[in-house]
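Report on one structure; see the data block that follows.
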Amino acid sequence: MLNVGILGTGMISEGFMEAVKFVPSMKVSAILSRDLEKGKAFAFKYTIEKTYNEIDLLLKDKDIDIIYIGLPNSLHYEMALKALQANKHVIVEKPFTSNMKEFISLIEASVTHKVQIFEMNRVLHLPNFKVLKEHIKDIAPIRLVTINFCKYSRKYDDYLAGKDPNVFSDEFSGGALVDLGVYGVHLVSALFGAPQEINYVASKLPNSIDSSGILTMSYEGMICTCIQSKNSKSDPKIVIQGEKGSLIVNSVSGLLENVELDQSTKTNIGLKQESDGMAYTLKEIARIIEEKDEKAYLIELDHIQTVMSILDEARACAGIVFKADLKKKKHWFSKKEKAPKVKKEAKIKKEPKPKKEKKAKTKKPIDKVRS
Ligand SMILES: NC(=O)c1ccc[n+]([C@@H]2O[C@H](COP(=O)([O-])OP(=O)(O)OC[C@H]3O[C@@H](n4cnc5c(N)ncnc54)[C@H](OP(=O)(O)O)[C@@H]3O)[C@@H](O)[C@H]2O)c1
């Protein structure tokens, strides 16, 4: 049995508790909240054995194998690093980290401490994502992909009222791209790999954070567009257009339930799925850890690396800067903590400043990053 300790009592941690019910080999044994009473209420609701309000105490708990991080984006790095250094596996919410530098630092730490780190991706392990992927060939060559994911956020009202909600904060690495656009980036890069050219045009708040934006990812003969907004709304939709027809899905982060193949008449090729995307992903994570499936793990990491490089480049293109981007690596470890020792060859060069490229990008293979 894999015992999980959860960080944070927000909505997403509640979602995790629902999803874990579908994974017989995982059990949530501990919850951490900054507020002990809130933590106890969460533990009571879900019958969780232990409640903590100090991360160091939770990490000392020898019964815990995996830490799930359901905290605001900028806290993913710091908490994941601590957890890896305590030899725990980690499942971090999306987006993986604030930027690529942090991604690499965590991969290095996971190698040093011989544990694994995953992102809670909701779509890629869904049976219906596999259906979508299989039917691309029926309508190929693909020419255009449009992913529209716009939700008016209550937090935008808070922002307008003068508050500083995490999702619109540069301190907490917020914004429409990393909150909603990331789903489309995952989908597009899982289907087509790394793009040749990236452009992001954003509507920005004074702190540089995007409230809405349009991301384009160009490939040979194909353009993929992700439209995301936190201050306007529309029905979520994925449209994949090829020369021989189109594939249409009326959800982006959900179950991808109705996958319509339109080649003159519309056919629903979607499967009935038993649970949500989080549950399918958790099952796969448990399987990878238990079966020590290094090959599948590397595929996961390689994919996240592509996603992180797209997000970094898109933000640079639109001039979106997180406080986390300004931190120098030497400041990432407190004086008491030692930076994880990494073999010299595992250090990879600084990410180049984004520039438009004509050829497909080459990235350092993930097994080299980890070696
Ligand atoms: N909300 C969603 O529907 C959703 C969906 C998919 C993914 N996610 C991802 O899940 C993560 C959390 O998102 P969220 O919207 O749930 O965030 P949130 O409500 O702002 O925070 C989640 C929890 O983190 C803790 N927390 C909040 N601010 C903190 C701070 N300054 N320092 C330490 N702990 C803090 C709180 O738990 P305690 O008060 O118990 O400490 C809070 O309940 C994000 O990475 C997001 O991208 C969220």
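Just so you know, all these numbers are worked out from the coordinates, no wet-lab data involved. For clarity, every value in this text was computed on a predicted model and none was experimentally measured. Quick reminder, even Gly has a Cβ in these numbers, built from the backbone with ideal geometry, and neighbours come from all protein chains shown.
Scattering from the C-alpha atoms of the range 213-307 alone, worked out with Debye: what is log10 I(q)/I(0) at q = 0.10, 0.15 1/Å? Once normalised to I(0) and log-transformed, intensities are -0.41, -0.91.
Just to be sure I follow: if Rg is taken over the C-alpha atoms of the range 1-103 and Rh is the Kirkwood radius over the same atoms, what is Rg/Rh?
Values: Rg = 12.7 Å, Rh = 13.5 Å.
Expressed as Rg/Rh, it is 0.94.
Each eigenvalue of the Cα gyration tensor of the range 69-116, multiplied by 5 and square-rooted, gives one semi-axis; in descending order these are 16, 12, 8 Å. Listed by chain and number, the aspartates and glutamates whose C-alpha is less than 19 Å from the C-alpha of LYS130, apart from same-chain residues fewer than 8 away, are GLU119, ASP138, GLU257, GLU260, ASP262, GLU274, ASP276, GLU284, GLU300, ASP302. Legend: residue pairs LYS21/LYS163; LYS283/LYS364; LYS27/LYS363, Cα-Cα distance threshold 31 Å; pairs beyond threshold, LYS21/LYS163; LYS27/LYS363. Out of all DSSP beta bridges with both ends in the chain, state the antiparallel percent to the nearest 5. Roughly 55 percent of the beta bridges in the chain run antiparallel, per DSSP. Using all pairs of distinct alpha-carbon atoms, the Kirkwood hydrodynamic radius of the chain works out to 21.3 angstrom. Taking a sphere under 10 Å around the Cβ of VAL182 and counting the other residues whose Cβ falls inside, with K and R at +1 and D and E at -1, yields a net charge of -1. With bins 5 Å wide beginning at 0, the percent of Cα pairs of the range 127-277 falling in each bin runs 2, 9, 18, 20, 17, 14, 10, 6, 3, 1, 0.
Taking each DSSP H run with n ≥ 4 as -39500 (n - 2.57) and averaging over every residue of the chain yields -10500 deg cm²/dmol at 222 nm.
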